[in-house]
Amino acid sequence: MKILVTGGLGFIGSHTVVELQNEGFEVIAVDNLSNSSEKVLDGISTITGKKPIFEKIDLRDKASVQDLFKKYTDIAGVIHFAASKAVGESVENPLLYYENNINALVYLLQELKELPNVSFIFSSSCTVYGQAEKMPITENASVQPAISPYGNTKQIGEEIITDVAKVSNISAVLLRYFNPIGAHPSTEIGELPLGVPQNLVPFITQTAIGLREQLSVYGNDYATPDGTAIRDYIHVVDLAKAHVIALQRLLKRQNVEKVEIFNLGTGTGSSVLEVITAFEKVSNQKLNYKIVGRREGDITSAYANTDKANTVLGWKAQSSLEEALKSAWKWEQKIRG
Ligand code: NAD
Ligand code: WQD
């Protein structure tokens with residue numbers, strides 16, 4: 001059964017391609033390599049013994065998307081990861097984000113709505129909740145006005161898919177990820193941030209390896225036990241496995257609604273200082289960090305209520321924060337080694 005994975009060479013996409021191939025799915029990975037490298041295909045094939053079909057396509061090019069569906073007429077499901085994801089860059093250049101994250105989605109859906117019974121999975125984000133009133137966050141928490149153009153593309157994306165599902169054969173799962181971290185335990189694939197990382201864990205590993213001098217901890221005056229902000233860090237392999245389960249649910253038509261939403265997190269919140277302490281433990285070294293002012297747009301706390309994913313999807317994150325950090329550290333050491 002052929003599954004199209006857009007952004008299939010990216011961080012979460014590549015780990016999901018591995019899990020799909022492990023479950024016997026035939027994968028067509030599409031990527032324009034704007035934030036990834038063709039070498040990722042070798043990592044995937046070393047782990048699984050199989051290279052996915054790869055199509056280097058920019059999904060902003062409508063004709064290329066049309067040609068893709070002319071070439072492959074038996075696509076049963078689509079997992080749509082391809083997007084630009086840097087929050088700060090989206091504030092600087094909103095049109096780039098609206099073009100890449102919205103146009104590509106629209107072009108894909110235009111092709112998919114012509115097909116019988118399509119299963120569609122969308123990479124959404126906990127950013128849609130903004131600063132939720134109640135922790136842990138359930139899927140029923142209200143969607144807040146977007147903090148950034150990037151966040152807005154996720155909200156609009158969810159709405160577009162919901163509108164199209166109402167009038168087509170598309171069934172969809174919207175997966176709201178919390179904070180994905182880590183790398184495959186084989187260290188064959190992992191995260192490859194371009195330039196200076198904006199996210200906490202790649203910044204930590206790059207500091208520990210000596211690529212950055214010091215980690216800035218953005219604020220210790222939050223209303224949290226140690227004053228630093230709290231997030232729900234989830235191992236990327238756990239996240240990848242959830243996609244396979246969600247896909248199987250759609251393919252078996254087990255979905256109750258045409259569009260279902262699931263939070264993907266561990267259910268446990270960790271503060272920035274707790275992440276640093278856990279990292280120091282697994283890497284057996286002190287991390288050079290200093291407390292600085294808050295980063296604009298940051299929220300105090302976000303962690304998932306995972307009851308719906310646990311019971312309805314039948315998925316639960318397995319890895320601890322320490323295991324995830326250990327894999328991120330092993331990956332950093334490998335790519336700089
Ligand atoms: P990533 O940048 O590693 O992967 C995205 C992939 O899509 C890259 O390989 C990139 O080259 C490709 N791509 C981008 N635009 C494309 C286009 N126009 N045509 C074809 N390919 C294109 O990012 P990721 O961390 O793997 O994120 C995957 C998805 O998950 C994104 O939609 C992202 O917004 C979402 N998400 C990520 C996080 C996170 O913290 N990593 C959190 C929540 C949601
Ligand atoms: C985590 C915590 C920072 C870097 C972002 C996006 C969100 C989602 C995930 C895609 C925060 C602190 C960070 C540093 C620090 N992506 N931090 N020093 O902000 O929760 O979410 O990525 O959908 O949309 O907004 O993740 O990893 O950037 O930060 O102190 O150098 O670490 O302030 O409290 P965030 P993050």
Task: Per residue convex hull volume, Cα atoms of region 172-286, in Å³ - done: 142 Å³
Task: Computed magnitude of the charge dipole of the chain (debye, nearest 20; Cβ of K, R +1, Cβ of D, E -1) - done: 440 debye
Task: Pairs of Cα atoms farther than 23 Å apart, region 139-229, % - done: 51 percent
TODO: Return one number: the angle in degrees, 0 to 90 and rounded to the nearest 10, between the long axis of the Cα atoms of helix 62-71 and the longest principal axis of the Cα atoms of the chain.
DONE: 60 degrees
Open item on the list: Counting only helical runs of four or more DSSP H residues, what would the 222 nm mean residue ellipticity of the chain come to if each run contributes -39,500 (n - 2.57) and the total is spread over all its residues?
Closed with: -11000 deg cm²/dmol
- [ ] Can you tell me which of 315-321, 203-209 comes out highest on packing, and rank the rest after it, using the mean Cβ neighbours within 10 Å?
- [x] 203-209, 315-321
Open item on the list: Nothing charged except the Cβ atoms of Lys and Arg (+1) and of Asp and Glu (-1): what's the magnitude of the dipole of region 113-190 about its Cα centre? Round to the nearest 20 debye.
Closed with: 80 debye
Open item on the list: Can you compute the equivalent ellipsoid semi-axes for the chain, i.e. the square root of 5 times each eigenvalue of the Cα gyration tensor, sorted largest first and rounded to whole Å?
Closed with: 31, 23, 19
Open item on the list: Could you order the peptides 51-58, 290-297 from most to least packed, using the average number of other C-beta atoms within 10 Å per residue?
Closed with: 51-58, 290-297
Task: Solvent-accessible area per residue for the chain (1.4 angstrom probe, square angstrom) - done: 44 Å²
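The values are calculated or read from the model by the stated rules, or taken from the named source; none is laboratory data. Every value quoted in this text rests on a predicted model; they were computed, and no experiment measured them. Every residue, glycine as well, gets a Cβ built from its backbone with ideal geometry; the counts of neighbours run over all protein chains shown. The accessibility values were calculated without ligands, DNA or RNA, using every heavy atom of the protein model including side chains. Shrake-Rupley method; radii C 1.70, N 1.55, O 1.52, S 1.80 Å.
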